[in-house]
Amino acid sequence: MRRVPHPGIGAIAAAVVVAASLASCQGDTGTRALPITSDPSATAFLDSLEERTFRWFWDVTDARTGLTPDRWPTKSFVSVGAIGFALTAYPIGAERGWVTREAAAERTLTTLRYLWEAPQGPAAAGIAGYRGFFYHFLAPETGHRFETVELSTMDTALFLAGALFCQSYFDRDGATEASVRAYAESLYTRVDWKWAMVRPPTIVLGWVPENGHLPYDWRGYNEALILLILALGSPSFPESVDVLAELDGDTERVPAAAATWNSWTSAYKWGEFHSQPHVGFAPLFGHQYSHVWIDFRGIQDEYMRERGIDYFENSRRATLGQHAYAVANPMRWRGYGPLCWGLTACDGPIDETHEIGSRAREFHTYWARGASFTYVNDDGTISPSAAAGSIVFAPEIVIPTLLSMRETYGDPLYGRYGFVDAFNPTLTLAVPVHHGRIDTQAGWFDTDYLGIDQGPIVAMIENYRSGLVWSVMRRNPHIVRGLRAAGFRGGWLDTARVE
């Protein structure tokens, strides 16, 4: 292990230059080009990180079923959200030449066919989902509901986003690619969004057969931006809904898309964090997930039009705010600084409090870590995915950070499949931990990779380098319809064609 900064990190930061517009973005009014690094060592590192992260999905996913584990190497249940990221990774691997297009298409078809044929119904066991939605976690042996987890609208949305990306990417003649397109369409249109609107105009978080719909709905900014877009673009989404009128208490019939989107944005919280005004959400995954599939540069809904920015800029400001928070390091965690930062939902070492350096330190296992004006959840645990998933928003700080993490912490942090999920330089005590291992000099290191954190790494690096996922998804009619139904206008969306 080498605990010295990369000698060229300063030069690499300076070498992140504004290049010509990405080929996929040329001619798009209002779409800003990304600053692409010109440093050969940084490019080589991104090559390595992207391929290693792709290999995680390719290697650990069950090739017979297409089911992707929640984590690896620890044995775990299947994550439906991770399957969505796996589906997104397969065309990237084909495009980069890490696997053939034919192999990627076959793996994709296996996945979509398996989940289409998986049993659906209201029973509490022996099924994979209901009303087109899937359970959050599935048993790897059967593909059925894992224990008593909820039917998850969000994880279904992540899966569907990956499926629709494959639908638009695999556009060639031939039985395999044609079947990919057909299964993706069937899976998407089968989802019953009307059923998920138990309290119109909002969409419920989930459902369990034992007690029915959960008492929570999607309102306010978070990772569900992609969920709303997918719902509004679906033929199963209602044209209008009954909502309670504000003045007389009676109900009135209103357009469903506008009512749902307005309900969603009405709970936004606008504030400032470390001199960065934006819509707040503390964990960075909430500012990244939807951007994996949708290029928000230059397109705005009514809320963002009123504030003069777009959601891409909003995520950039959230990233810069977190970076500034780590530099300030108000809780004095070991290792934090301009080249070591990133808070998001991730693994952690232990659910205990220990005294370290004459100060009581409270640590957590899996936790929604984050820092914003909304709240701060910080136990000194850093996830490389938090930084890597923001590479499109702020490459000038992300690329040097990732290089420094690799060089500073070496093999315990960066291995066969890229970065492990998380690490904590402060916890150097030789105590039993829930996940990972402790180095009494360098701190705690996870030994697992998590699918929902691996996904943004490979997809966002590819979007940074080529814009592949964004450019493909711009021609998906369901995405275009959903964005327009939500009131988005401008940029590439104004010229997008819906067939």
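The values are calculated or read from the model by the stated rules, or taken from the named source; none is laboratory data. Only a predicted model underlies this, so the values are computations on that prediction, with no experimental measurement involved. Heads up, the Cβs are rebuilt from the backbone with ideal geometry, glycines too, and the neighbour counts pull from every protein chain shown. These accessible areas exclude ligands, DNA and RNA; they are computed on the full protein's heavy atoms, side chains included. Shrake-Rupley method; radii C 1.70, N 1.55, O 1.52, S 1.80 Å.
Some notes on this structure:
- Overall, the anisotropy analysis places the range 83-234 in the prolate class: the square-rooted eigenvalues a ≥ b ≥ c of its C-alpha gyration tensor yield a/c not less than 1.5, with a/b exceeding b/c.
- Taking every alpha-carbon pair under 8 Å whose residues sit at least 6 apart, the range 397-496 reaches a relative contact order of 16 percent.
- Average Cα contact separation per residue, the chain, under 8 Å, 6 or more apart, as relative contact order %: 19 percent
- Close amide-amide hydrogen proximity is noted between Gly233 and Gly482, each under 5 Å apart and 5 or more residues distant or on a separate chain (H modeled in the peptide plane; Pro and chain starts excluded).
- Apportionment of accessible area to carbon and sulfur, the chain, percent (1.4 Å): 50 percent
- Charge dipole of the range 210-301 (Cα centre as origin; +1 on each Lys and Arg Cβ, -1 on each Asp and Glu Cβ, all else neutral): 420 debye, rounded to the nearest 20.
- Probing with 1.4 Å while keeping every protein chain in the model, the per residue accessible area of the range 393-433 equals 24 Å².
- Residue-normalised accessible area of the range 69-117, given per residue in Å² at a 1.4 Å probe: 34 Å²
- A 1.4 Å probe run over the protein chains yields, for the range 205-283, 47 Å² of accessible area per residue, whole-number rounding.
- Difference of contour (0.36 nm per residue) and Cα-Cα distance, Ala258 to Arg172: 27.4 nm
- Extension gain, Ala139 back to Ala33 (0.36 nm per residue minus Cα-Cα distance, nm): 33.9 nm
- Rounded FRET efficiency, nearest 0.05, which uses the C-beta distance separating Asp439 from Ser186 and R0 of 45 Å: 0.35
- Size of the range 225-375 as Cα extents on the principal axes (Å, biggest first): 62, 33, 31
- Residues whose placed amide H lies under 5 Å from that of His213, excluding near-sequence neighbours: Val208
- The distance from the alpha carbon centre of the range 100-152 to that of the range 209-227 is 20 Å, rounded to a whole number.
- Only Lys, Arg (+1) and Asp, Glu (-1) charged, at Cβ; the range 335-482 dipole about Cα centre in debye: 740 debye
- Cβ-derived FRET efficiency at R0 45 Å, Ala125 paired with Ser48, nearest 0.05: 0.55
- A Förster radius of 25 Å combined with the Cβ-Cβ distance from Thr374 to Asn211 puts the calculated FRET efficiency at roughly 0.30.
- For the chain, calculated [θ]222 nm from helices alone, where every DSSP H run of n ≥ 4 adds -39500 (n - 2.57): -12000 deg cm²/dmol
- Degrees between helix 101-117 axis and first principal axis of the chain (Cα, 0 to 90, nearest 10): 60 degrees
- Tilt relative to the chain, helix 40-60 - C-alpha long axis, 0 to 90 degrees, to 10: 60 degrees
- In this label model, Val327 and Ser179 are separated by 5.4 nm, measuring between points 7 Å along each Cα→Cβ vector.
- Global form of the range 337-403, assessed from the alpha-carbon gyration tensor, a/c cut-off 1.5: prolate
- Each peptide in 162-173, 331-342 was scored by the mean count of other Cβ atoms within 10 Å over its residues; highest first, the order is 162-173, 331-342.
- Helix 80-96 axis, angle to the chain major axis (alpha carbon atoms, nearest 10°): 80 degrees
- Counting only Cα atoms, the range 252-325 measures 47, 25, 22 Å along its principal axes, largest extent leading.
- Accessible-area rank, largest first, for Lys75, Lys194: Lys75, Lys194, with all protein chains present and a 1.4 angstrom probe.
- Cleavage-rule hits, GluC sites (Glu not before Pro), the range 165-252, DSSP coil, Cβ neighbours within 10 Å at most 16: Glu210, Glu239, Glu246
- With a cut-off of 11 Å on the backbone N, no residue of the range 271-288 is near the modelled label site 7 Å out from Asp351 along Cα-Cβ.
- Taking amide hydrogens as placed 1.01 Å from N in the peptide plane, the amide H of Arg361 sits under 5 Å from those of His354, Glu355, Ile356, each at least 5 positions away in sequence or on another chain.
- Computed over the range 209-352, relative contact order equals 21 percent, with contacts defined as Cα pairs under 8 Å that lie 6+ residues apart.
- Built from the Cα atoms of the range 181-245, the convex hull projects on average onto 5.6 nm², one quarter of its surface area.
- Full-extension gain in nm, Arg489 to Val431, via 0.36 nm per residue minus C-alpha separation: 15.5 nm
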